[in-house]
Protein chains: 4
Amino acid sequence: MAEITLSQARTVVDAAAHRSQRIGTLMNIAVVDTGGNLKSFVREDGAWLGSIDISIKKARTARFFDMDSGEIGKLSQPGGPLYNIEVTNGGLVSFPGGIPLRDSDGTVIGAVGVSGSTVENDHDVAHAGASALS
Amino acid sequence: MAEITLSQARTVVDAAAHRSQRIGTLMNIAVVDTGGNLKSFVREDGAWLGSIDISIKKARTARFFDMDSGEIGKLSQPGGPLYNIEVTNGGLVSFPGGIPLRDSDGTVIGAVGVSGSTVENDHDVAHAGASALS
Amino acid sequence: MAEITLSQARTVVDAAAHRSQRIGTLMNIAVVDTGGNLKSFVREDGAWLGSIDISIKKARTARFFDMDSGEIGKLSQPGGPLYNIEVTNGGLVSFPGGIPLRDSDGTVIGAVGVSGSTVENDHDVAHAGASALS
Amino acid sequence: MAEITLSQARTVVDAAAHRSQRIGTLMNIAVVDTGGNLKSFVREDGAWLGSIDISIKKARTARFFDMDSGEIGKLSQPGGPLYNIEVTNGGLVSFPGGIPLRDSDGTVIGAVGVSGSTVENDHDVAHAGASALS
């Protein structure tokens, strides 16, 4: 099993933080490894306190199912096949901002989660982080 | 960063309690500091027991995102961008009654949460508390 | 069943806070009702953040067994009859600072918990609060 | 009240990581702010998974009582005045490795927690991190 290194995690966090600053947001940025366990985290000055937990949960959600966190939300709505899946696993986050991290071979090595702005901006910043590895 | 004092917290609680009595409600009133940690709390005689936790969580929610708790609820409905955000952070409350507290400079120094009646009354009483600082 | 009123709870908190200031400590002071549910709480400016939870748990512990929290600690040591009882009830505190509150008839109407200094000072301040009702 | 910046948190983490590498350990390093909320975290490659939570709890414990986490452990032993305090606050860690962070004025602005080796090494690495701010 490939495993994300701290060097790779820093590359992701730095790329995400760079994007956050460029678009003028204040973000919490979390990286988890293949086991879903926290590898790296930063909270930008002034970023929402409530987004600490959300960024970590977004990253975990993305790794738990190897898909963007927002994909879960399409299936977890009332009447949907995964209704209220958010209450499992100690709390999942099913809106955008969590993205699996893949190495240059396409193997999932972890995930990044971003929270602190609109979900569009959160996803944008997470995507910048994830793209830095490929 | 400014931090709420106990004197300020008491001003908020007293103003909220005064409003609660004037409109004939029985409220739980909680104040948290900038870190989201409890600073002051009172439960009026006969107020709902279930509102102890709700008032504290409303205050925490308001500080966690520096906005009224009810604003979160507009975004967390089925199909909305923050669907089921309530399961994060050990439990958020996304209906009205939580309001950030700002000092005379407009700096957020904590938040107040009120629970015990309709959400309209809860918000009304929280607003009376928050207004006492400005 | 007699039940503590907010007026009584304020008497307890004010007496405890007065004592705290007189002996030069920074305290968290919590009052719970007969159901063990939070009735009133204040954190003095600069008091330890970790004592929020401890003061509330001391008050709950005192009411749960209608005895001073420190009495539990005499029984919960290794080899004792209540070994590790602290892990029950979502967390008990078995050192001094929690005292049942009795009305003038001697009926238990709640409990006070104090945390922020040595356990001797915590108990001293809690005692000042409890004594204000009798 | 002063609040730790991300720049300061990075200084602490980098100094701690540098020390960790010099003494040949694999550490989890966490920094919390004055409210006890996570500000920055890194897990060195190969560091224990069980130390993620411990490093964060050490940092929180140090900030919660504005003292080294190991000081709590001297008081929480069987027969000691704070026996089993570890079950409060969602879990405290009372062995060495958590140290308050002070700015150049001596004001507490957060705390660092380190876990991954012996408690002596954990404290050594945390101390290197904390010293980088003064």
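Taking the criterion of being out of contact with any Lys or Arg (no Cβ under 7 Å at 6 or more places or on another chain) and among the hydrophobic types (A, V, I, L, M, F, W, C), the residues of the stretch B:52-82 that qualify are B:54, B:56, B:59, B:62, B:64, B:65, B:67, B:72, B:75, B:82. Among the residues of the stretch C:27-40, the ones that are touching a residue at least 24 places away in the same chain (Cβ under 8 Å) and either within 17 Å of residue C:127 (Cα to Cα) or hydrophobic (A, V, I, L, M, F, W, C) (or both) come to 8 in all.
Just to be sure, is residue B:49 more than 14 Å from chain D (Cβ to nearest Cβ), touching a residue at least 40 places away in the same chain (Cβ under 8 Å) and surrounded by fewer than 17 Cβ atoms within 10 Å (Cβ to Cβ)? Judged against the criteria, residue B:49 is not a match. Taken over the stretch A:94-127, the residue count meeting the criterion of being without any contact (Cβ under 8 Å) to a residue 60 or more places away in the chain and either among the small types (Gly, Ala, Ser) or in contact with a Leu (Cβ under 9 Å, 6 or more places away or on another chain) (or both) is 8. Which one of A:53, A:68, A:124, A:105 is charged (D, E, K, R) and closer than 26 Å to residue D:32 by Cα? Testing whether each residue is charged (D, E, K, R) and closer than 26 Å to residue D:32 by Cα leaves just A:53. Checked against the criterion of being closer than 29 Å to residue B:104 by Cβ, crowded, with 24+ Cβ neighbours inside 10 Å, in contact with a Pro (Cβ under 6 Å, 6 or more places away or on another chain) and aliphatic (A, V, I, L, M), the stretch B:59-67 contains one or more residues that satisfy it. Taken as a whole, the structure places residue D:5 among residues that are under 18 Å from residue D:106 (Cα atoms) and either among the hydroxyl-bearing types (Ser, Thr, Tyr) or crowded, with 17+ Cβ neighbours inside 10 Å (or both). Residues in the stretch A:12-37 that are crowded, with 17+ Cβ neighbours inside 10 Å, in a helix (DSSP H, G or I) and more than 11 Å from every other protein chain (Cβ to nearest Cβ): A:12, A:15, A:16, A:19, A:20. Within the stretch D:72-92, the only residue that satisfies the criterion of being more than 12 Å from chain C (Cβ to nearest Cβ) and buried (at least 18 other Cβ atoms within 10 Å of the Cβ) is D:73. Against the numbered list (1) surrounded by 21 or more Cβ atoms within 10 Å (Cβ to Cβ); (2) modelled with pLDDT under 95, residue B:40 comes up short only at (2). Candidates C:111, C:128: the one that is crowded, with 24+ Cβ neighbours inside 10 Å, away from chain D (no Cβ under 14 Å) and at pLDDT 95 or above is C:111. Here residue C:49 meets the list (1) aliphatic (A, V, I, L, M); (2) within 15 Å of residue C:117 (Cα to Cα); (3) under 14 Å from the mean Cα position of the chain (by Cα) almost entirely, failing just condition (3). Would you mind stating whether residue A:99 is surrounded by 18 or more Cβ atoms within 10 Å (Cβ to Cβ), touching a strand residue (DSSP E or B) at 6+ places or on another chain (Cβ under 6 Å) and facing chain B (nearest Cβ under 9 Å)? So residue A:99 does not fit the description; no.
The values are calculated or read from the model by the stated rules, or taken from the named source; none is laboratory data. In this text the structure is predicted, and so the values were computed from the model without any measurement. For neighbour counting, all protein chains shown are included, and Cβ atoms are generated from backbone atoms with ideal geometry for every residue, glycine included.
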